[in-house]
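J.: Got a structure here, written out as C-alpha cells. Questions coming.
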Amino acid sequence: LLDWVKYKGNPVLVPPPGIGVKDFRDPTTAWTGPQNGQWLLTIGSKIGKTGIALVYETSNFTSFKLLDGVLHAVPGTGMWECVDFYPVSTKKTNGLDTSYNGPGVKHVLKASLDDNKQDHYAIGTYDLAKNKWTPDNPELDCGIGLRLDYGKYYASKTFYDPKKERRILWGWIGETDSESADLQKGWASVQSIPRTVLYDKKTGTHLLQWPVEEIESLRVGDPIVKEVDLQPGSIELLRVDSAAELDIEVSFEVDKVALQGIIEADHVGFSCSTSGGAASRGILGPFGVIVIADQTLSELTPVYFYISKGADGRAETHFCADQTRSSEAPGVGKQVYGSSVPVLDGEKHSMRLLVDHSIVESFAQGGRTV
C-alpha cells in the first residue's frame, strides 16, 4: 500500500438527515454481515445528548446504505468518537478476527466520549440478524461504566493481528504541557505502548489489557529482584542505572489477619480522584511504587493501591496514580487518576509499570484496570 489513487466519487459517506456535519466520524473496521458479500461498519454520532453508533452496509466500500435503527445508544453520554466494536473469546486466550461470531463469544463496544475525553467500554452480546448490541450489565453500559484507561488516554482503536492471533489496542496520550512548551520541544502528545486485549474470564465483567510481548525485547541486562517487608510509612530505595526507562513488575502480599481484624477503615467511600493523593494515609494504604523521583523527593510519582473497608466488612481495592508532585513545572496536569479494581480470592495485589520519561503506564491485576 505504497501508491494510492484518490477515488473520484468522494465523499463515500455523508451524515444522514438530522445528524450534524461535525457529529459523524471515525468508521470502525468492517465485519461480514449475514448476507453473502455484505460488509457492515459502525460510525459514532449523537442525537441531542444521546451517544449513538450508526451502522452502514456495503458490498464494494464505495457505496453505503444506512441500516434502520442503531447498533446501540446511551442517553446522556454525548458525542461518540472513535467507536470500536469487536469480539472477544470467553473460552480461549487468543484474539478474534473482527467478523468472528458464535458460541463462546462476547462483543465489546467502546466509545470515546467527546464531552469529557474519556474512553469507555462495555461487554455484551451482538445479534447479527437484528443488528443490535446489548450490554451484559446495563449499569456498566458504554459511557457510564468501565473505562479502558483511567489516566490521560483517548481516541483508542484496536485491530486484529492474524499472524499472532491477537487483538492489539492503540491509544493516544495527550500530554498536558502548554502549547508554547510543545512548540519549544517540537512535538505534542504520544502514542501509548500497544496492548493486547482479552476477556477477563475470572471476573466476566472486565477486559485485560497488557503490553505486547515485543516490549520485553527492550529489556537490557539481568533483572533487579528485591523482596522487602514493608512497614507503615516506610520507603525502600531501589537503585537502578536509569530511572527514566523502566519495566517494573511488583506484587504485594497483604497481611490477611490484619485485614480481617480491621472493622472499618477511615476512608469509607474512597475515590482516587478525591482522596488527596498518596500523601493522604489511612489504615489500609497507600502501598505501591514511587517512580521518577528526585534525590530530595520534591518531585515524585506514586502509583499505588488503597484498600477501603466499610462497616459491612467488605474490602474494596483502588488503583491510583498521583501526579500532584510529578513536576514542579507550572501549568501541567497535576491530578490523581485511578479507579477500583477487583482483587479476587487467592490473588496478590500486583502491578506492572512502564516508565518512559514523561509517561508512566500502569497495569493492575494483569491489566484488569489501567
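The values are calculated or read from the model by the stated rules, or taken from the named source; none is laboratory data. What you are looking at is a predicted structure, and each value in this text was computed from that prediction instead of being measured. Backbone-built Cβ (ideal geometry, glycine too); neighbour counts: all protein chains shown. Ligands, DNA and RNA are excluded from the accessible area calculation, which covers all protein heavy atoms including side chains. Shrake-Rupley method; radii C 1.70, N 1.55, O 1.52, S 1.80 Å.
J.: Could you tell me which numbered condition ILE307 fails, if it satisfies all but one of (1) in contact with a Pro (Cβ under 7 Å, 6 or more places away or on another chain); (2) in a strand (DSSP E or B)?
T.: (1)
J.: Could you tell me which residue of segment 113-127 is farthest from LEU207 (Cα to Cα), considering only residues that are over 11 Å from the mean Cα position of the chain (by Cα) and open to solvent by less than 50 Å² (accessible area, probe 1.4 Å)?
T.: Ranking the candidates gives ASP114 first.
J.: Residues that are assigned to a loop (DSSP other than H, G, I, E, B) and without any contact (Cβ under 8 Å) to a residue 24 or more places away in the chain: does segment 149-164 have at least one?
T.: Yes, segment 149-164 contains a residue that is assigned to a loop (DSSP other than H, G, I, E, B) and without any contact (Cβ under 8 Å) to a residue 24 or more places away in the chain.
J.: State whether one or more residues within segment 71-90 are closer than 20 Å to THR158 by Cα, in contact with a Ser or Thr (Cβ under 8 Å, 6 or more places away or on another chain), surrounded by fewer than 19 Cβ atoms within 10 Å (Cβ to Cβ) and modelled with pLDDT of 95 or more.
T.: no
J.: Those residues that are open to solvent by 40 Å² or more (accessible area, probe 1.4 Å) and part of a loop (DSSP other than H, G, I, E, B), I need them from segment 344-370; list them, please. So that I can check it myself, show each step before the final result.
T.: To start, the set of residues in segment 344-370 that are open to solvent by 40 Å² or more (accessible area, probe 1.4 Å) comprises 344-348, 356-358, 360.
Within segment 344-370, LEU344, ASP345, GLY346, GLU347, LYS348, HIS357, SER358 meet the criteria.
J.: Given the conditions (1) open to solvent by less than 90 Å² (accessible area, probe 1.4 Å); (2) hydroxyl-bearing (Ser, Thr, Tyr); (3) not assigned by the TED database to the domain that holds ASP115, report the number of the one that SER217 does not fulfil.
T.: The one condition SER217 does not meet is (1).
J.: Given VAL70, VAL83, which one is touching an Asp or Glu at 6+ places or on another chain (Cβ under 7 Å) and either under 17 Å from PRO135 (Cα atoms) or not assigned by the TED database to the domain that holds THR203 (or both)?
T.: So the residue among VAL70, VAL83 that is touching an Asp or Glu at 6+ places or on another chain (Cβ under 7 Å) and either under 17 Å from PRO135 (Cα atoms) or not assigned by the TED database to the domain that holds THR203 (or both) is VAL83.
J.: Take the residues in segment 328-341 that are under 21 Å from THR274 (Cβ atoms) and in a loop (DSSP other than H, G, I, E, B); name whichever of them is least open to solvent (accessible area, probe 1.4 Å).
T.: VAL341
J.: Filter segment 49-69 down to the residues that are open to solvent by 30 Å² or more (accessible area, probe 1.4 Å) and more than 14 Å from LEU113 (Cα to Cα) and list them by number.
T.: Selection gives GLU57, SER59, ASN60, PHE61, THR62, SER63, PHE64, LYS65, LEU66, LEU67, ASP68, GLY69.
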